[in-house]
Amino acid sequence: MTDQPINMNVTRTNDSPLMKPVQIGGSLAFWAVFKREFGVFFRSPIAYAVAFGVLLFMGVLFMDYIISSNGQAPAPTQQMPGLLTFLMFLIAPLLTMRLIAEESREGTLETLMTLPMNEGHFILGKFLAAWAYYTVLLALTLVHLAILASIGVPDWGVALGAYLGAWLYGGTCIAVALIWSAVTEDQIVAAFLGAATILVLYLSESLSTSLREQPNLTGVADFVRELGLQAHYGPTMLQGIIRLEDILYFVFMIIGALFITTRIVEIRRWRS
């Protein structure tokens, strides 16, 4: 990739409105992929369905809590971001299942890889687009925090930790789910495998507790617990406790997942 502006179009064989040309220019090629994919999210029925379903579900639960407590005991500030992280085993696979699988199925992945950008830029653009859409979704839940502020005085420290953690948690789940979109051309299979992987990471703390009952598996139990998502969110960031080790866990999980996805795309490119 050069530093000179390059203007190249990839003409898709599919006339779907989702199939837009990719404009590559400047030294940040991934920016073109990001803009294209982020725009697709706002034209995708699935993305709108995810947003509507999640916000409706969370809104109903929130209002039910407020009404049942008669405004005297408002929901804790971490309730909404905590609920959103639980739903990530559904949200992340639905947002990522088409990102690479669709390119493979339509036969355009190899064509895109001929553009003046490496696989890392391509994957980074896809990932950041999905994470940005999730960020918008997370930001919309701030309306619940505003309602709490109108009722009383929320614990802003807890809210900061919970929302920062939910943002990193979501990015990690999206990066993990993206791996499976690179593995298979079938979007349904990619979504299923992504959901299963995130559930395993979510339930690893329960598995760790079971392993700890065996005296000779204490070390394994500790490893399984530290590998899981909840160990770095539920007891700490969700409670407003921001630790560097938890932030580093999410950052390295994202980097590791994107590295794996990039290697998978590289292998598929070589084989083609």
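Listed values, structure above:
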quantity: Nonlocal amide H pairs with Thr77, under 5 Å, H built at 1.01 Å; calculated: Asp155
quantity: For the stretch 33-271, with +1 on Lys and Arg beta carbons and -1 on Asp and Glu, the positive-most of Tyr133, Leu207, Ser104 along the dipole; calculated: Ser104
quantity: Extension gain, Ile267 back to Ile188 (0.36 nm per residue minus Cα-Cα distance, nm); calculated: 26.2 nm
quantity: Estimated vicinal HN-Hα couplings, Hz - the stretch 117-126 in sequence order (Karplus 6.51, -1.76, 1.60; Gly, Pro = x); calculated: 8, 8, 4, x, 5, 4, 5, 4, x, 4
quantity: Coil-residue trypsin sites (Lys or Arg not before Pro) of the stretch 191-261, DSSP, other Cβ within 10 Å capped at 15; calculated: Arg243
quantity: Summed residue charge, Cβ within 14 Å of Phe30's Cβ, Lys/Arg positive, Asp/Glu negative; calculated: +1
quantity: Low-density loop positions, chymotrypsin sites (Phe, Trp or Tyr not before Pro), the stretch 204-256 - DSSP coil, at most 10 other Cβ in 10 Å; calculated: none
quantity: Within the stretch 26-57: backbone nitrogen closer than 15 Å to the Asn118 label point (7 Å, Cα to C-beta); calculated: 27-30
quantity: Scattering profile of the stretch 129-242 at q = 0.13, 0.15, 0.23 Å⁻¹ [log10 I(q)/I(0), Debye over alpha-carbon scatterers]; calculated: -0.66, -0.81, -1.20
quantity: Gyration tensor (alpha-carbon) shape descriptor, the stretch 33-271, a/c threshold 1.5; calculated: oblate
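A short reminder: the numbers here are calculations on the coordinates, not readings from a lab. Given the structure is predicted, the values throughout are model-derived calculations rather than measurements. Note: ideal-geometry Cβ built from the backbone for every residue, glycine included; neighbour counts use all protein chains shown.
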